[in-house]
1. Determine the shape class of the range 339-389: with a ≥ b ≥ c the square roots of the Cα gyration tensor eigenvalues, call it rounded for a/c under 1.5, and otherwise prolate if a/b is greater than b/c, oblate otherwise.
2. List, in the order given, every pair from Lys348/Lys378; Lys20/Lys424; Lys20/Lys109 whose Cα-Cα distance in the structure shown is over 28 Å.
3. Would you mind putting 16-24, 133-141 in packing order, based on average other-beta-carbon counts within 10 Å, highest first?
4. Just check the range 358-445 against the gyration tensor rule for me: Cα atoms, a ≥ b ≥ c as the square roots of the eigenvalues, rounded for a/c under 1.5, and otherwise prolate or oblate depending on whether a/b exceeds b/c.
5. Given a Förster radius of 35 Å and the C-beta distance between Arg110 and Met12 as r, what FRET efficiency does 1/(1 + (r/R0)^6) yield to the nearest 0.05?
6. Cross-link candidates for Lys105: which lysines have Cα within less than 29 Å, leaving aside residues fewer than 8 places away along the same chain?
Amino acid sequence: MPTWESLAERHMPQWYEDAKLGIMIHWGPYALAELAPGTGEPLQVIAEHWGRRGRYDAFARLFRQGLRDWDPAGILGEVAASGARYLVVSAKHHDGFALWPARTKNPRKRGWQVSRDAVGELGEGARALGLRFGLYYSAGLDWTFGGMPMSGPAGLAAAIPRSRSYAAYVDAQWRELISRYSPSILWNDVGSPAAQDLLALFSDFYDAVPDGVVNDRFGQPEAEESGADGLWVARAVRRLFAPRAMRLPARARAALPVLHADYRTVDAEDSLPDREGPWECVRSLGPTLSESHDETDDTLLPVSALVRLLCDVTARGGNLLLGVGPRADGSLGPLLSARLQGLGDWLKLNGEAIFGTRPWGDREGVTEDGIEVRFTSKGMTTYAILLGTPAGRTIVLPSLRLLPYAGLRVLGSIGYSTWFQEGKDVHIRLTEPLRESPAHVISITPQPRI
């Protein structure tokens, strides 16, 4: 019989630690919601329209109609162009709407799903492109089971379904998703019903997908902890939908106990951990995970920041999961597309320093001219990643001792470089200045002495 202790003895699958970059797609009827100017909060729009003369039901009807002409090849191509190694798709969000033709149907809202298998088509297309495929599922919130409208943490706490029938419904849908799609990742959100048997679910999942992984958001509430649950749920909802300034502190999430997880999730706004087991940094490209008509270059994370965030997360031993919200027709806006393409272009030249690497010691540094440096390693090679572009033809890496026969090259550069050791510092001379880039990678083989 499986136990929590036996699950804890599982080894982390190598593919996940090697992957480094994933994309999460949040898509559903909420993509049709007109966002209030300047707020960028689909949660407010959904709350306003939910149950009012069937307005949100109209969103669902229009979404289903538009799905008939949807071509998944477009967004799958953009995900692949980003260089991502895995894709996570929202099977069910807080509105309870299923993005696949579920056999386990919503008992509270008839026909609250699609007839076309959007989840399956995205999964099949992702795997054809060589990507791992995972599923997002909001088990902690389902507004078809009540809780709307919500006002503050207390309202959010009340929105968590606590009945055994809801626990059985969630468990059945998770099992259906596992049986139908064999996802490599179970990406749960906002906790799980207290009555759900997670030990049995996880055990059966690992039997079906031996190299599968589950995240740390399956925490189960206790009835007497409704206040703490409210804080946790408030943070989870605002993390997905609200501007960054409104998000709650990291300590709120600790309210729900988690008995098992293969990796932990960290919001990009929180302090990044220092290599304490497998972890994943979750970050939306914009202030929300749903496309906003108000999005501009100023409101979206620029390519330079994306690249540097990926380098920082990788050097600390984590993965980066970037959230994107397609339009109602399933396409990405040009601003989002440009950022995914820009990230992919950088990885084409420098991905060797990211994919399949591990942190190199506890090393971070700063060059002589003030550029921050991160370090990764793979095999006999160490990669020094400069989070900026040096001004001249000389780079000084402090407190680094190379072996006399070490080979050194700048990834993506057509010029030559030489180096010499001066005390504890390594001086690198380039034949020509480096072109402007969010980050530059210096490959050193064999690894320097620590």
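The numbers here are math on the coordinates, done by the rules we state, and not lab data. What you see is a predicted model, and the numbers here were worked out from it, not measured in a lab. Every residue, glycine as well, gets a Cβ built from its backbone with ideal geometry; the counts of neighbours run over all protein chains shown.
1. oblate
2. Violating the 28 Å Cα-Cα cut-off are Lys20/Lys424; Lys20/Lys109.
3. Highest-to-lowest ranking by the protection proxy: 133-141, 16-24.
4. Verdict is rounded for the range 358-445.
5. 0.25
6. Partners within reach: Lys92.
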